[in-house]
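Participant: Got a structure for you, questions after.
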Amino acid sequence: MATSAPRYLREPPDLHPAVVGCLARRGRIGAREILASVLLLVADGALVARSSTRRVTTIASAHDIGVLELRPVPERWEGLDPLDQGLIALLFGAPGGPGALSLPDLQAAIRKRPRWFRAGVADWQRAVGSRAETLGLMRDGALTPAGATARREHAAFQRFLKDFGTLDDEPTLAIELWGPYLAYAVLFGLGDRVARELAVDSPSAARDPNLAVWRAWFGLD
């Protein structure tokens, strides 16, 4: 008999966002899982995000463009989840090593080393699937009873993200909590809406258009 879940859960899942996405999409792991993982690393302070400018030269002219740069925090490395270590190694290894990473950097690296990058993404996807199986949430590509229960609980949190702006008894969430909520909102395809509801007006990794289009470059969805 299926275990029922409440209609709303107001706290983010305690699983890695990539595993949450894996369960939500029944084993499929794509760009949303990567982007949500990056945003949660930013929210947790393991990656630092800052706005910068880059000079772009074309045949017609040279001009500056705004970019979002991500930089890992070395002292946080040892304490990171292995899934996050693998993702950081992949993203920052694509351009050739640690340092500031922007969308143009990643685009250029993928063009130069497409097979290497695709293989790295595939390895990370397998690691996420293996984590779900190790936790007893999936088996042979299908949800286990425990996985189905977790998926229903995550759906209750997704409903909260979708509906909380209309809940009369819900106080405004503290602005310092926006990061984890936006990370999971992106995972569930609700990033723009939750950003508006939280009134996140200052520049942030989650709302920066440069980061929002990263998913297209992963070529997974």
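Participant: Any residue at all in the stretch 50-72 that is surrounded by 18 or more Cβ atoms within 10 Å (Cβ to Cβ), of a type in the set (A, V, I, L, M), assigned to a helix (DSSP H, G or I) and in contact with a strand residue (DSSP E or B) (Cβ under 8 Å, 6 or more places away or on another chain)?
Facilitator: no
Participant: If a residue has to be closer than 28 Å to Ala142 by Cβ, of a type outside the set (Val, Ile, Thr) and in contact (Cβ under 8 Å) with a residue 40 or more places away in the chain to count, how many in the stretch 5-61 make the cut?
Facilitator: 26
Participant: Same structure, new question: Does Leu47 satisfy being touching a Gly at 6+ places or on another chain (Cβ under 7 Å), buried (at least 16 other Cβ atoms within 10 Å of the Cβ) and among the aliphatic types (A, V, I, L, M)?
Facilitator: Judged against the criteria, Leu47 is not a match.
Participant: Name, by its number, the condition in (1) at pLDDT below 90; (2) within 17 Å of the chain's Cα centre (by Cα) that does not hold for Gly99.
Facilitator: Going through the list (1) at pLDDT below 90; (2) within 17 Å of the chain's Cα centre (by Cα), Gly99 breaks only (2).
Participant: Every residue in the stretch 157-171 that is closer than 23 Å to Asp14 by Cα and modelled with pLDDT under 50, please.
Facilitator: Glu170, Pro171, listed by residue number.
Participant: Out of all the residues in the stretch 73-112, which are part of a helix (DSSP H, G or I) and in contact (Cβ under 8 Å) with a residue 40 or more places away in the chain?
Facilitator: Correct list: Pro82, Leu83, Asp84, Gly86, Leu87, Ile88, Leu91, Leu103, Pro104, Leu106, Gln107, Ile110.
Participant: Can you confirm whether Gly136 is over 26 Å from Arg118 (Cβ atoms), outside any helix (DSSP H, G or I) and at pLDDT 50 or above?
Facilitator: Yes: the conditions hold for Gly136.
Participant: Just give me the residues in the stretch 149-166 being of a type outside the set (Lys, Arg) and under 22 Å from the mean Cα position of the chain (by Cα), in sequence order.
Facilitator: Those that are of a type outside the set (Lys, Arg) and under 22 Å from the mean Cα position of the chain (by Cα): Ala150, Glu153, His154, Ala155, Ala156, Phe157, Gln158, Phe160, Leu161, Asp163, Phe164.
Participant: Looking at (1) buried (at least 16 other Cβ atoms within 10 Å of the Cβ); (2) outside any loop (DSSP other than H, G, I, E, B); (3) out of contact with any Lys or Arg (no Cβ under 6 Å at 6 or more places or on another chain), which one does Val19 not meet, given that it meets all the others?
Facilitator: For Val19, the failing item is (3).
Participant: Quick one: count up the residues across the stretch 147-161 that are crowded, with 17+ Cβ neighbours inside 10 Å and among the charged types (D, E, K, R).
Facilitator: Total satisfying the criteria: 2.
The values are calculated or read from the model by the stated rules, or taken from the named source; none is laboratory data. Bear in mind the structure is a predicted one, so any value in this text is a computation, not a measurement. Neighbour counts are summed over all protein chains in view; Cβ atoms, including those assigned to glycine, are modelled from backbone coordinates with ideal geometry.
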